[in-house]
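Student: One structure, pasted below without further comment.
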Amino acid sequence: MPDNLLARIGVLTISDRASRGEYEDVSGKAINDFLARVMQSNWVAVVRIVPDGIESVAQALTEMVDREGCDLLLTTGGTGPAPRDLTPEATRMVITRELEGFGELMRRVSLEQVPTAILSRQTAGTRGKCLIVNLPGRPSAIDVCLNAVFPAVPYCLDLIGARRMEVNPDVCIAFRPAV
């Protein structure tokens, strides 16, 4: 299948230490592991690691959507209350519509696991035909959050005109209304 017909999924890790090579990118790997389990249709990964900060994250998001043609862009890291955790601010700079329900659901399911989930600032939104979702940085939290929100992702992508994505129904029951 030609590469331009495959769904393009971006995985953007935001971490000062990982961007300098001082820390293994276990969060990006957790996202890729989830996608390998859940995706039924073929797809192409677009992977980047950038340091924390509004400018570095906003630039990477813009390039991954506008130049790399991502249909879905999953970020990890930079969603806490620390001074350099600025991923939501960078995301809001580049999206045209915020989809608050993603962040609300991720915090709700995360609170069932750990009380510090109230410190989380994940969000999501659209830029053109791309859905951008901010995920936490811990691999176990990534899995919890993706399991919660991914059933809505394929239909959201349909609605914004992205390439169609099919998921493995044995792993994820995606909701698409009957035509």
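The values are calculated or read from the model by the stated rules, or taken from the named source; none is laboratory data. Note that this is a predicted model, so its numbers are computed, not measured. Quick reminder, even Gly has a Cβ in these numbers, built from the backbone with ideal geometry, and neighbours come from all protein chains shown. Side chains included, ligands, DNA and RNA excluded: accessible areas come from the protein's heavy atoms. Shrake-Rupley method; radii C 1.70, N 1.55, O 1.52, S 1.80 Å.
Student: Helix-only mean residue ellipticity at 222 nm, the chain, DSSP H runs n ≥ 4 weighted -39,500 (n - 2.57), per residue, nearest 500. What is it?
Tutor: The helix contribution divided over the chain gives -10500 deg cm²/dmol.
Student: Under 19 Å from a point placed 7 Å out from the Cα of Arg92 along the Cα-to-Cβ direction: which residues of the range 54-82 have their backbone N that close?
Tutor: 54-62, 75-82
Student: So what's the chain giving for Cα Rg divided by 2.2 N^0.38 Å, two decimals?
Tutor: 0.95
Student: Follow-up. Among the GluC sites (Glu not before Pro) within the range 55-103, which fall in a DSSP loop and have no more than 16 other Cβ atoms within 10 Å of their own Cβ? Mind dumping the intermediate values first?
Tutor: Values: sites: Glu55, Glu63, Glu68, Glu89, Glu98, Glu100; in loops: Glu68.
Sites meeting the loop and neighbour criteria: Glu68.
Student: Right, next: Using alpha-carbon positions, what is the distance between the centroids of the range 57-98 and the range 126-179, in Å?
Tutor: 16 Å
Student: Grab the Cα-Cα distance for Asp158 and Val26, subtract it from 0.36 nm times how many residues apart they are, and report the gain in nm with one decimal.
Tutor: 44.5 nm
Student: Right, next: Need the full-extension length gain, Thr116 to Ser41, defined as separation in residues times 0.36 nm minus the C-alpha distance. One decimal, nm.
Tutor: Here the segment from Thr116 to Ser41 would lengthen by 23.5 nm.
Student: Shifting gears a bit: Expressed as a whole percentage, what fraction of the accessible surface of the chain belongs to carbon and sulfur atoms when a 1.4 Å probe is rolled over the protein heavy atoms?
Tutor: 54 percent
Student: For the pair Ala178/Arg67, report the inter-label distance in nm, with labels modelled 7 Å from Cα in the Cβ direction.
Tutor: The modelled label-to-label distance comes out at 4.7 nm.
Student: For Val171 and Val109, compute 0.36 nm times the residue count separating them, minus their Cα-Cα distance, and round to one decimal in nm.
Tutor: Details: separation 62, 0.36 × 62 = 22.32 nm, distance 1.77 nm.
Extra length from Val171 to Val109 when fully extended: 20.5 nm.
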